[in-house]
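Trainee: This is the structure, below, for whatever I ask next.
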Amino acid sequence: MTATVTRFDLICAGCGAVIPAGQRAWTSPDGDPVCESCKAGGVDKPAEPEPEHEPDTARAPDTDPELAREPEPKPEPDPVPEREPEPERFELDPEPAEPERNGKAKRRPKPNGNAGADLAALIRQIAETAEAQIDPDEVRRIAGETATQYTNAALVGIARAAAAEAVRTEIPAIRDAHTVRVHAAEAVRTIDGPVHPIVHTLAKVCGARLRRGHAPNVLMVGPAGCGKTTAAAHVAEALGLDFGFISLSGGISESHLIGRYAPTGEAGRFEYTEPPFVTAYRDGGVFVFDELDAADENVLIVINAALANGHLRLLTGDVVARHRDFVAIGCANTWGHGADRQYCGRNQLDGATLDRYAAARFFVDYDQTLERSQSDPELCAWAHALRRKVREAGLRRIVSTRFIFDASDLIACEAYTLDDAKRSLLADWSDNDLRTVGEVRP
Ligand SMILES: Nc1ncnc2c1ncn2[C@@H]1O[C@H](COP(=O)(O)OP(=O)(O)OP(=O)(O)O)[C@@H](O)[C@H]1O
Ligand SMILES: [Mg+2]
(Lines give C-alpha, C1' and ligand atoms only; values in the text may rest on other atoms or scores of the structure.)
(Ligands and ions follow the chains in the order given, each with its own letter.)
Protein backbone atom coordinates (compact mmCIF):
# COMPACT_ATOMS: atom_id res chain seq x y z
CA MET A 1 0.00 0.00 0.00
CA THR A 2 1.06 3.55 -0.61
CA ALA A 3 0.96 6.25 2.02
CA THR A 4 -0.51 9.65 1.29
CA VAL A 5 -0.85 12.75 3.40
CA THR A 6 -4.18 14.36 2.61
CA ARG A 7 -4.90 18.02 2.38
CA PHE A 8 -8.45 17.39 3.45
CA ASP A 9 -10.64 14.78 5.08
CA LEU A 10 -11.15 11.44 3.36
CA ILE A 11 -13.53 8.59 4.13
CA CYS A 12 -11.93 5.21 4.90
CA ALA A 13 -13.18 2.56 2.46
CA GLY A 14 -12.72 -0.11 5.19
CA CYS A 15 -14.59 1.20 8.24
CA GLY A 16 -16.13 4.43 6.95
CA ALA A 17 -14.24 6.55 9.50
CA VAL A 18 -13.08 10.03 8.60
CA ILE A 19 -9.32 10.34 7.95
CA PRO A 20 -8.66 13.93 8.96
CA ALA A 21 -6.64 16.32 6.83
CA GLY A 22 -2.91 16.22 7.57
CA GLN A 23 -3.05 12.61 8.72
CA ARG A 24 -1.55 9.74 6.81
CA ALA A 25 -3.98 7.73 4.67
CA TRP A 26 -3.23 4.56 2.73
CA THR A 27 -4.27 3.57 -0.74
CA SER A 28 -5.74 0.07 -0.93
CA PRO A 29 -4.94 -2.27 -3.84
CA ASP A 30 -8.29 -1.18 -5.29
CA GLY A 31 -7.21 2.42 -5.15
CA ASP A 32 -9.47 3.41 -2.24
CA PRO A 33 -8.29 5.40 0.78
CA VAL A 34 -8.03 3.41 4.02
CA CYS A 35 -7.24 4.53 7.54
CA GLU A 36 -4.31 3.50 9.73
CA SER A 37 -6.25 0.84 11.68
CA CYS A 38 -7.87 -0.80 8.61
CA LYS A 39 -4.52 -0.94 6.96
CA ALA A 40 -2.80 -2.46 10.03
CA GLY A 41 -3.77 -6.06 9.14
CA GLY A 42 -2.43 -5.72 5.61
CA VAL A 43 1.04 -4.28 6.27
CA ASP A 44 4.00 -5.28 8.36
CA LYS A 45 4.20 -2.40 10.80
CA PRO A 46 2.16 0.65 11.68
CA ALA A 47 3.20 3.81 9.94
CA GLU A 48 4.96 6.66 11.70
CA PRO A 49 2.51 9.55 12.18
CA GLU A 50 3.25 12.41 9.81
CA PRO A 51 4.05 15.81 11.30
CA GLU A 52 1.05 18.05 10.85
CA HIS A 53 0.82 19.97 7.57
CA GLU A 54 4.26 18.79 6.50
CA PRO A 55 4.57 18.79 2.71
CA ASP A 56 4.84 15.27 1.31
CA THR A 57 8.33 15.40 -0.12
CA ALA A 58 8.79 11.63 0.00
CA ARG A 59 7.41 11.40 -3.49
CA ALA A 60 9.29 12.51 -6.55
CA PRO A 61 8.48 15.93 -8.05
CA ASP A 62 5.92 15.84 -10.80
CA THR A 63 8.56 16.10 -13.51
CA ASP A 64 10.23 12.90 -12.32
CA PRO A 65 9.71 10.29 -15.02
CA GLU A 66 10.05 7.56 -12.41
CA LEU A 67 6.84 8.62 -10.68
CA ALA A 68 4.48 6.75 -12.98
CA ARG A 69 6.56 3.55 -12.97
CA GLU A 70 7.72 3.34 -9.41
CA PRO A 71 9.71 0.08 -8.92
CA GLU A 72 8.80 -2.42 -6.22
CA PRO A 73 6.77 -0.87 -3.40
CA LYS A 74 8.72 -0.45 -0.16
CA PRO A 75 7.31 -0.33 3.36
CA GLU A 76 9.14 2.94 4.05
CA PRO A 77 10.18 5.51 1.47
CA ASP A 78 13.90 6.13 0.95
CA PRO A 79 15.27 9.24 2.53
CA VAL A 80 15.32 12.04 0.00
CA PRO A 81 18.06 14.62 -0.43
CA GLU A 82 17.29 17.97 1.07
CA ARG A 83 15.48 20.25 -1.30
CA GLU A 84 13.02 23.07 -1.40
CA PRO A 85 9.71 21.75 -0.02
CA GLU A 86 7.14 21.47 -2.74
CA PRO A 87 3.61 22.72 -2.23
CA GLU A 88 1.56 20.01 -0.59
CA ARG A 89 -0.64 18.13 -2.96
CA PHE A 90 -3.03 15.27 -2.99
CA GLU A 91 -1.44 12.23 -4.58
CA LEU A 92 -2.98 9.27 -6.22
CA ASP A 93 -1.07 6.06 -6.68
CA PRO A 94 -1.03 5.82 -10.47
CA GLU A 95 -0.43 2.08 -10.49
CA PRO A 96 -1.17 0.37 -7.16
CA ALA A 97 0.79 -2.82 -6.52
CA GLU A 98 -0.74 -6.11 -5.42
CA PRO A 99 -0.11 -7.24 -1.83
CA GLU A 100 2.97 -9.41 -1.34
CA ARG A 101 2.62 -13.00 -2.43
CA ASN A 102 5.44 -15.51 -1.95
CA GLY A 103 7.54 -12.69 -0.63
CA LYS A 104 7.33 -10.79 -3.92
CA ALA A 105 5.09 -7.86 -4.75
CA LYS A 106 3.60 -7.83 -8.22
CA ARG A 107 2.16 -5.05 -10.28
CA ARG A 108 -1.56 -5.42 -10.48
CA PRO A 109 -2.41 -5.74 -14.19
CA LYS A 110 -4.92 -3.02 -14.80
CA PRO A 111 -6.31 -1.86 -18.13
CA ASN A 112 -6.16 1.89 -18.72
CA GLY A 113 -9.94 2.16 -18.63
CA ASN A 114 -9.98 1.06 -14.95
CA ALA A 115 -7.25 3.50 -14.05
CA GLY A 116 -9.29 6.28 -15.62
CA ALA A 117 -12.45 5.19 -13.82
CA ASP A 118 -10.64 4.95 -10.49
CA LEU A 119 -9.16 8.35 -10.99
CA ALA A 120 -12.48 9.90 -11.93
CA ALA A 121 -14.11 8.25 -8.90
CA LEU A 122 -11.42 9.56 -6.58
CA ILE A 123 -11.61 13.06 -7.99
CA ARG A 124 -15.38 12.96 -7.59
CA GLN A 125 -14.92 11.78 -4.04
CA ILE A 126 -12.57 14.69 -3.41
CA ALA A 127 -15.05 17.15 -4.83
CA GLU A 128 -17.95 15.70 -2.83
CA THR A 129 -16.02 15.32 0.41
CA ALA A 130 -14.49 18.70 0.08
CA GLU A 131 -17.63 20.58 -0.77
CA ALA A 132 -18.59 21.44 2.77
CA GLN A 133 -15.10 21.57 4.22
CA ILE A 134 -12.70 23.33 1.92
CA ASP A 135 -12.68 26.11 -0.56
CA PRO A 136 -14.07 24.92 -3.94
CA ASP A 137 -11.23 26.83 -5.63
CA GLU A 138 -8.83 24.56 -3.82
CA VAL A 139 -10.65 21.48 -5.08
CA ARG A 140 -10.41 22.72 -8.64
CA ARG A 141 -6.73 23.49 -8.25
CA ILE A 142 -5.98 20.05 -6.84
CA ALA A 143 -7.98 18.34 -9.57
CA GLY A 144 -5.97 20.29 -12.12
CA GLU A 145 -2.66 19.43 -10.52
CA THR A 146 -3.61 15.80 -10.24
CA ALA A 147 -4.18 15.75 -13.96
CA THR A 148 -0.64 16.87 -14.63
CA GLN A 149 1.19 14.65 -12.14
CA TYR A 150 1.68 11.71 -14.39
CA THR A 151 4.52 11.39 -16.81
CA ASN A 152 3.34 8.08 -18.19
CA ALA A 153 1.87 9.06 -21.55
CA ALA A 154 -1.16 6.78 -21.36
CA LEU A 155 -2.02 7.92 -17.86
CA VAL A 156 -1.61 11.57 -18.75
CA GLY A 157 -4.42 11.23 -21.27
CA ILE A 158 -6.64 9.29 -18.90
CA ALA A 159 -5.91 11.59 -15.98
CA ARG A 160 -6.67 14.72 -17.95
CA ALA A 161 -9.86 13.31 -19.40
CA ALA A 162 -10.97 12.01 -16.01
CA ALA A 163 -10.13 15.27 -14.27
CA ALA A 164 -11.89 17.31 -16.94
CA GLU A 165 -14.91 15.01 -16.80
CA ALA A 166 -15.05 15.02 -13.00
CA VAL A 167 -14.67 18.74 -12.77
CA ARG A 168 -17.22 19.29 -15.50
CA THR A 169 -19.80 17.19 -13.71
CA GLU A 170 -18.98 18.13 -10.15
CA ILE A 171 -18.00 21.75 -10.49
CA PRO A 172 -19.65 23.63 -13.33
CA ALA A 173 -17.35 26.67 -13.12
CA ILE A 174 -14.44 24.79 -14.62
CA ARG A 175 -12.69 27.92 -15.76
CA ASP A 176 -11.55 28.72 -12.23
CA ALA A 177 -8.99 25.90 -12.22
CA HIS A 178 -6.73 27.01 -14.96
CA THR A 179 -4.95 23.74 -15.58
CA VAL A 180 -8.20 21.92 -15.97
CA ARG A 181 -9.64 24.82 -17.80
CA VAL A 182 -7.11 24.52 -20.56
CA HIS A 183 -7.30 20.76 -20.65
CA ALA A 184 -11.05 20.85 -20.56
CA ALA A 185 -11.04 23.43 -23.32
CA GLU A 186 -8.81 21.20 -25.42
CA ALA A 187 -11.01 18.24 -24.73
CA VAL A 188 -14.37 19.78 -25.40
CA ARG A 189 -13.94 22.71 -27.78
CA THR A 190 -13.70 22.23 -31.48
CA ILE A 191 -12.96 25.37 -33.41
CA ASP A 192 -14.73 25.60 -36.67
CA GLY A 193 -12.05 26.06 -39.30
CA PRO A 194 -8.25 26.19 -39.37
CA VAL A 195 -6.39 27.92 -36.59
CA HIS A 196 -3.06 29.70 -36.47
CA PRO A 197 -0.57 27.73 -34.30
CA ILE A 198 -0.30 30.69 -31.91
CA VAL A 199 -3.86 29.93 -30.76
CA HIS A 200 -2.71 26.88 -28.77
CA THR A 201 -0.17 28.91 -26.80
CA LEU A 202 -2.54 31.82 -26.34
CA ALA A 203 -5.37 29.61 -25.11
CA LYS A 204 -3.12 28.32 -22.32
CA VAL A 205 -1.85 31.78 -21.42
CA CYS A 206 -5.29 33.38 -21.50
CA GLY A 207 -6.73 30.49 -19.48
CA ALA A 208 -4.21 31.06 -16.68
CA ARG A 209 -4.93 33.35 -13.77
CA LEU A 210 -2.37 35.61 -12.14
CA ARG A 211 -1.99 36.11 -8.41
CA ARG A 212 -4.07 39.27 -8.76
CA GLY A 213 -6.92 36.99 -9.78
CA HIS A 214 -7.23 37.80 -13.44
CA ALA A 215 -5.80 36.70 -16.79
CA PRO A 216 -2.55 38.20 -18.12
CA ASN A 217 -2.79 41.02 -20.64
CA VAL A 218 -1.55 39.73 -23.97
CA LEU A 219 0.18 41.61 -26.79
CA MET A 220 0.36 40.12 -30.29
CA VAL A 221 2.74 41.81 -32.69
CA GLY A 222 3.02 40.81 -36.33
CA PRO A 223 2.82 41.90 -39.94
CA ALA A 224 -0.44 43.12 -41.44
CA GLY A 225 -3.02 40.50 -42.23
CA CYS A 226 -1.23 37.51 -40.67
CA GLY A 227 -4.26 36.50 -38.59
CA LYS A 228 -3.81 38.20 -35.20
CA THR A 229 -7.40 39.32 -34.76
CA THR A 230 -8.71 36.01 -36.04
CA ALA A 231 -6.43 34.16 -33.61
CA ALA A 232 -7.82 36.21 -30.71
CA ALA A 233 -11.36 35.30 -31.76
CA HIS A 234 -10.34 31.64 -31.84
CA VAL A 235 -8.88 31.93 -28.33
CA ALA A 236 -12.25 33.23 -27.11
CA GLU A 237 -13.94 30.29 -28.80
CA ALA A 238 -11.47 27.83 -27.27
CA LEU A 239 -12.09 29.21 -23.79
CA GLY A 240 -15.83 29.51 -24.22
CA LEU A 241 -15.78 33.27 -23.67
CA ASP A 242 -17.50 36.11 -25.48
CA PHE A 243 -15.40 38.01 -27.99
CA GLY A 244 -15.32 41.76 -28.57
CA PHE A 245 -12.93 44.19 -30.16
CA ILE A 246 -12.30 47.81 -30.94
CA SER A 247 -10.04 49.11 -33.66
CA LEU A 248 -8.08 51.97 -32.11
CA SER A 249 -7.56 53.83 -35.36
CA GLY A 250 -7.87 57.63 -35.65
CA GLY A 251 -11.23 58.98 -34.46
CA ILE A 252 -11.58 56.60 -31.54
CA SER A 253 -11.86 58.51 -28.28
CA GLU A 254 -12.21 57.67 -24.58
CA SER A 255 -16.01 57.67 -24.90
CA HIS A 256 -15.79 54.63 -27.16
CA LEU A 257 -14.32 52.83 -24.17
CA ILE A 258 -16.06 54.23 -21.10
CA GLY A 259 -19.36 55.14 -22.73
CA ARG A 260 -21.24 58.30 -23.58
CA TYR A 261 -24.62 59.94 -23.21
CA ALA A 262 -26.59 59.80 -26.45
CA PRO A 263 -29.84 61.65 -27.21
CA THR A 264 -32.88 59.40 -26.96
CA GLY A 265 -34.88 61.59 -29.36
CA GLU A 266 -37.41 62.37 -26.63
CA ALA A 267 -37.66 65.89 -25.27
CA GLY A 268 -33.94 66.48 -25.00
CA ARG A 269 -33.35 63.36 -22.92
CA PHE A 270 -30.00 61.59 -22.95
CA GLU A 271 -29.24 58.01 -22.11
CA TYR A 272 -25.99 56.31 -21.20
CA THR A 273 -24.83 53.85 -23.85
CA GLU A 274 -22.56 51.09 -22.62
CA PRO A 275 -19.72 50.19 -25.00
CA PRO A 276 -18.72 46.54 -25.58
CA PHE A 277 -15.44 47.09 -23.69
CA VAL A 278 -17.33 47.86 -20.47
CA THR A 279 -19.56 44.81 -20.91
CA ALA A 280 -16.55 42.52 -21.39
CA TYR A 281 -14.64 44.13 -18.50
CA ARG A 282 -17.54 43.66 -16.10
CA ASP A 283 -19.01 40.35 -17.33
CA GLY A 284 -15.92 38.62 -18.76
CA GLY A 285 -14.79 37.88 -22.29
CA VAL A 286 -11.83 38.18 -24.63
CA PHE A 287 -11.52 41.78 -25.75
CA VAL A 288 -9.13 42.90 -28.48
CA PHE A 289 -7.56 46.34 -28.70
CA ASP A 290 -6.79 46.21 -32.39
CA GLU A 291 -4.13 48.51 -33.85
CA LEU A 292 -2.92 49.32 -30.33
CA ASP A 293 0.11 51.07 -31.78
CA ALA A 294 -2.16 53.49 -33.68
CA ALA A 295 -4.17 54.58 -30.63
CA ASP A 296 -4.59 58.09 -29.36
CA GLU A 297 -2.70 58.83 -26.12
CA ASN A 298 -5.87 59.58 -24.13
CA VAL A 299 -7.41 56.31 -25.18
CA LEU A 300 -4.32 54.49 -24.01
CA ILE A 301 -4.53 56.19 -20.63
CA VAL A 302 -8.06 54.83 -20.13
CA ILE A 303 -6.98 51.34 -21.17
CA ASN A 304 -3.86 51.44 -19.01
CA ALA A 305 -5.82 52.45 -15.95
CA ALA A 306 -8.39 49.71 -16.48
CA LEU A 307 -5.73 47.05 -16.99
CA ALA A 308 -3.65 48.09 -14.00
CA ASN A 309 -6.24 48.94 -11.38
CA GLY A 310 -8.69 46.09 -11.55
CA HIS A 311 -11.55 48.55 -11.81
CA LEU A 312 -12.89 51.06 -14.28
CA ARG A 313 -14.69 54.34 -13.67
CA LEU A 314 -17.49 54.95 -16.17
CA LEU A 315 -18.79 58.25 -17.44
CA THR A 316 -21.77 57.81 -15.13
CA GLY A 317 -19.42 57.80 -12.13
CA ASP A 318 -20.10 54.13 -11.50
CA VAL A 319 -17.10 51.93 -10.89
CA VAL A 320 -17.04 48.42 -12.33
CA ALA A 321 -14.63 45.71 -11.24
CA ARG A 322 -12.55 43.68 -13.66
CA HIS A 323 -14.09 40.25 -14.18
CA ARG A 324 -11.89 37.25 -13.51
CA ASP A 325 -12.49 36.11 -17.08
CA PHE A 326 -11.80 39.45 -18.76
CA VAL A 327 -8.88 38.85 -21.13
CA ALA A 328 -7.31 41.89 -22.81
CA ILE A 329 -5.43 41.23 -26.04
CA GLY A 330 -3.61 44.07 -27.75
CA CYS A 331 -2.76 43.62 -31.44
CA ALA A 332 -0.13 45.70 -33.19
CA ASN A 333 2.10 45.73 -36.23
CA THR A 334 5.07 47.13 -34.31
CA TRP A 335 6.57 46.62 -30.87
CA GLY A 336 5.47 50.11 -29.92
CA HIS A 337 8.77 51.82 -30.58
CA GLY A 338 7.26 54.16 -33.16
CA ALA A 339 6.80 54.16 -36.90
CA ASP A 340 9.13 52.14 -39.08
CA ARG A 341 9.58 52.06 -42.85
CA GLN A 342 6.82 49.53 -43.29
CA TYR A 343 4.31 50.81 -40.74
CA CYS A 344 4.83 54.54 -40.92
CA GLY A 345 1.53 55.53 -39.25
CA ARG A 346 2.31 53.86 -35.95
CA ASN A 347 2.83 55.66 -32.65
CA GLN A 348 5.40 55.15 -30.02
CA LEU A 349 3.82 53.49 -26.98
CA ASP A 350 5.00 54.71 -23.60
CA GLY A 351 6.63 52.51 -21.00
CA ALA A 352 3.48 52.33 -18.92
CA THR A 353 1.51 50.90 -21.83
CA LEU A 354 4.18 48.39 -22.82
CA ASP A 355 4.65 47.26 -19.24
CA ARG A 356 1.01 46.17 -19.00
CA TYR A 357 1.82 43.42 -21.51
CA ALA A 358 5.42 42.67 -20.54
CA ALA A 359 4.77 39.10 -19.36
CA ALA A 360 2.80 37.91 -22.37
CA ARG A 361 4.10 39.33 -25.66
CA PHE A 362 4.08 37.19 -28.78
CA PHE A 363 5.37 37.66 -32.29
CA VAL A 364 2.89 36.27 -34.79
CA ASP A 365 4.03 35.65 -38.33
CA TYR A 366 2.32 34.41 -41.48
CA ASP A 367 1.56 30.72 -41.15
CA GLN A 368 2.36 29.26 -44.55
CA THR A 369 0.91 25.84 -43.72
CA LEU A 370 -2.41 27.44 -42.85
CA GLU A 371 -2.27 29.54 -46.02
CA ARG A 372 -1.45 26.52 -48.18
CA SER A 373 -4.32 24.52 -46.73
CA GLN A 374 -6.94 27.16 -47.47
CA SER A 375 -6.05 28.75 -50.79
CA ASP A 376 -5.58 28.38 -54.51
CA PRO A 377 -2.38 26.27 -54.83
CA GLU A 378 -0.89 28.18 -57.75
CA LEU A 379 -1.59 31.58 -56.25
CA CYS A 380 -0.27 30.46 -52.86
CA ALA A 381 3.00 29.11 -54.31
CA TRP A 382 3.53 32.40 -56.17
CA ALA A 383 2.73 34.48 -53.09
CA HIS A 384 5.09 32.49 -50.87
CA ALA A 385 7.97 32.84 -53.35
CA LEU A 386 7.24 36.55 -53.66
CA ARG A 387 7.13 37.03 -49.87
CA ARG A 388 10.49 35.31 -49.51
CA LYS A 389 12.08 37.62 -52.10
CA VAL A 390 10.49 40.69 -50.51
CA ARG A 391 11.99 39.75 -47.14
CA GLU A 392 15.38 38.91 -48.57
CA ALA A 393 15.52 42.25 -50.36
CA GLY A 394 14.12 44.17 -47.36
CA LEU A 395 11.33 45.74 -49.44
CA ARG A 396 8.47 47.59 -47.80
CA ARG A 397 5.83 45.37 -49.37
CA ILE A 398 3.22 43.14 -47.77
CA VAL A 399 2.09 39.75 -49.05
CA SER A 400 -0.45 38.84 -46.41
CA THR A 401 -2.66 35.92 -45.49
CA ARG A 402 -5.51 38.31 -46.11
CA PHE A 403 -4.39 38.78 -49.73
CA ILE A 404 -3.89 35.05 -50.29
CA PHE A 405 -7.30 34.11 -48.89
CA ASP A 406 -9.25 36.93 -50.52
CA ALA A 407 -7.65 36.45 -53.95
CA SER A 408 -8.13 32.68 -53.69
CA ASP A 409 -11.83 33.23 -52.99
CA LEU A 410 -12.15 35.45 -56.05
CA ILE A 411 -10.42 32.81 -58.18
CA ALA A 412 -12.67 30.12 -56.72
CA CYS A 413 -15.72 32.24 -57.65
CA GLU A 414 -14.29 32.55 -61.17
CA ALA A 415 -14.35 36.30 -60.76
CA TYR A 416 -10.56 36.38 -61.07
CA THR A 417 -7.74 34.65 -62.89
CA LEU A 418 -4.33 34.18 -61.31
CA ASP A 419 -3.05 37.13 -63.34
CA ASP A 420 -5.86 39.34 -62.02
CA ALA A 421 -4.77 38.51 -58.49
CA LYS A 422 -1.13 39.26 -59.28
CA ARG A 423 -2.09 42.51 -61.01
CA SER A 424 -4.00 43.67 -57.97
CA LEU A 425 -1.21 42.96 -55.52
CA LEU A 426 1.50 44.51 -57.69
CA ALA A 427 -0.59 47.52 -58.76
CA ASP A 428 1.35 50.07 -56.72
CA TRP A 429 4.78 48.48 -56.85
CA SER A 430 7.52 50.58 -58.39
CA ASP A 431 9.42 49.25 -61.41
CA ASN A 432 12.45 49.02 -59.18
CA ASP A 433 10.65 46.82 -56.64
CA LEU A 434 9.32 44.62 -59.44
CA ARG A 435 12.81 44.22 -60.88
CA THR A 436 14.19 43.36 -57.45
CA VAL A 437 11.80 40.43 -57.03
CA GLY A 438 11.99 39.40 -60.69
CA GLU A 439 8.35 40.16 -61.50
CA VAL A 440 6.80 41.88 -64.47
CA ARG A 441 3.50 43.65 -64.18
CA PRO A 442 0.91 41.17 -65.52
N1 LIG B 1 -7.20 30.93 -39.10
C2 LIG B 1 -7.79 31.57 -40.09
N3 LIG B 1 -8.80 30.99 -40.75
C4 LIG B 1 -9.44 31.62 -41.74
N5 LIG B 1 -9.14 32.87 -42.16
C6 LIG B 1 -8.13 33.48 -41.55
C7 LIG B 1 -7.40 32.88 -40.50
N8 LIG B 1 -6.44 33.73 -40.09
C9 LIG B 1 -6.58 34.82 -40.89
N10 LIG B 1 -7.59 34.67 -41.75
C11 LIG B 1 -8.05 35.62 -42.74
O12 LIG B 1 -6.96 36.47 -43.04
C13 LIG B 1 -7.39 37.82 -42.98
C14 LIG B 1 -6.50 38.58 -42.02
O15 LIG B 1 -6.71 38.11 -40.72
P16 LIG B 1 -6.70 39.11 -39.47
O17 LIG B 1 -7.58 40.25 -39.68
O18 LIG B 1 -6.96 38.24 -38.30
O19 LIG B 1 -5.19 39.57 -39.51
P20 LIG B 1 -4.48 40.65 -38.59
O21 LIG B 1 -3.14 40.12 -38.35
O22 LIG B 1 -5.33 40.99 -37.45
O23 LIG B 1 -4.40 41.88 -39.60
P24 LIG B 1 -4.06 43.43 -39.25
O25 LIG B 1 -2.64 43.49 -38.87
O26 LIG B 1 -4.31 44.09 -40.56
O27 LIG B 1 -5.00 43.83 -38.19
C28 LIG B 1 -8.83 37.84 -42.56
O29 LIG B 1 -9.56 38.17 -43.72
C30 LIG B 1 -9.16 36.47 -42.12
O31 LIG B 1 -10.38 36.10 -42.62
MG1 LIG C 1 -6.17 42.87 -36.84
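The values are calculated or read from the model by the stated rules, or taken from the named source; none is laboratory data. Since the structure is predicted, the reported quantities are computational estimates derived from the model, not experimental observations. Methodologically, a virtual Cβ is constructed for each residue, glycine included, from the backbone with ideal geometry; neighbour enumeration extends over all protein chains shown.
Trainee: Which of the helices (runs of 4 or more DSSP H) contained wholly in the range 222-313 include at least 2 residues that are in contact with an Asp or Glu (Cβ under 9 Å, 6 or more places away or on another chain)?
Mentor: Details: elements: 228-239, 255-258, 276-283, 297-309.
Once the helices (runs of 4 or more DSSP H) in the range 222-313 are filtered for at least 2 residues that are in contact with an Asp or Glu (Cβ under 9 Å, 6 or more places away or on another chain), what remains is 228-239, 276-283, 297-309.
Trainee: What helices (runs of 4 or more DSSP H) lie completely within the range 342-442 and have 3 or more residues being under 33 Å from the mean Cα position of the chain (by Cα)? Even if it seems obvious, please write down each step before you answer.
Mentor: Numbers: elements: 351-356, 368-373, 377-393, 401-412, 418-426, 431-437.
Qualifying helices (runs of 4 or more DSSP H): 351-356, 368-373, 377-393, 401-412.
Trainee: Does residue 230 qualify as being farther than 26 Å from residue 351 by Cβ and in contact with a strand residue (DSSP E or B) (Cβ under 6 Å, 6 or more places away or on another chain)?
Mentor: Numbers: farther than 26 Å from residue 351 by Cβ: yes; in contact with a strand residue (DSSP E or B) (Cβ under 6 Å, 6 or more places away or on another chain): no.
No: the conditions fail for residue 230.
Trainee: Same structure again: Between 403, 362, 326, which is surrounded by fewer than 19 Cβ atoms within 10 Å (Cβ to Cβ) and in contact (Cβ under 8 Å) with a residue 40 or more places away in the chain? I'd like the intermediate steps shown before the answer.
Mentor: Details: 403 fails: surrounded by fewer than 19 Cβ atoms within 10 Å (Cβ to Cβ); 326 fails: surrounded by fewer than 19 Cβ atoms within 10 Å (Cβ to Cβ).
Checking each option against the conditions leaves just 362.
Trainee: Among the residues of the range 295-304, which ones are more than 10 Å from residue 353 (Cβ to Cβ) and surrounded by fewer than 14 Cβ atoms within 10 Å (Cβ to Cβ)? I'd like the intermediate steps shown before the answer.
Mentor: Kept after step one, since they are more than 10 Å from residue 353 (Cβ to Cβ), are these residues of the range 295-304: 296, 298-299, 302.
The answer is 298, and nothing else.
Trainee: Has the range 281-304 got any residue that is closer than 23 Å to residue 325 by Cβ and without any contact (Cβ under 8 Å) to a residue 40 or more places away in the chain?
Mentor: First, pick out the residues of the range 281-304 that are closer than 23 Å to residue 325 by Cβ: 281-290, 292, 302-304.
When the remaining residues are screened for being without any contact (Cβ under 8 Å) to a residue 40 or more places away in the chain, the result is none.
Taking every residue of the range 281-304 in turn, none turns out to be closer than 23 Å to residue 325 by Cβ and without any contact (Cβ under 8 Å) to a residue 40 or more places away in the chain.
Trainee: Which of (1) within 16 Å of ligand 1 (Cβ to nearest atom); (2) at pLDDT 85 or above is the odd one out, the single condition residue 249 does not satisfy?
Mentor: Among (1) within 16 Å of ligand 1 (Cβ to nearest atom); (2) at pLDDT 85 or above, residue 249 violates only (2).
Trainee: Here is a follow-up. Give all pairs with beta carbons closer than 6 Å in which a residue from the range 217-229 that is touching a residue at least 60 places away in the same chain (Cβ under 8 Å) meets a residue that is more than 8 Å from ligand 2 (Cβ to nearest atom) and among the small types (Gly, Ala, Ser); count only pairs at least 6 apart in sequence or on separate chains.
Mentor: Listed by first residue and then by second, the contacts come to 217/328; 218/360; 219/330; 221/332; 224/400; 225/400; 228/222.
Trainee: Of these, 286, 218, 299, which one is within 30 Å of residue 398 (Cα to Cα), among the β-branched types (Val, Ile, Thr) and away from ligand 1 (no atom under 16 Å from the Cβ)?
Mentor: Working: 286 fails: away from ligand 1 (no atom under 16 Å from the Cβ); 218 fails: away from ligand 1 (no atom under 16 Å from the Cβ).
Selected residue: 299, the only one of 286, 218, 299 that is within 30 Å of residue 398 (Cα to Cα), among the β-branched types (Val, Ile, Thr) and away from ligand 1 (no atom under 16 Å from the Cβ).
Trainee: Return yes or no: is residue 292 crowded, with 19+ Cβ neighbours inside 10 Å, away from ligand 2 (no atom under 16 Å from the Cβ) and at pLDDT below 90?
Mentor: Values: crowded, with 19+ Cβ neighbours inside 10 Å: yes; away from ligand 2 (no atom under 16 Å from the Cβ): no; at pLDDT below 90: yes.
No; evaluated as a whole, the condition is false for this residue.
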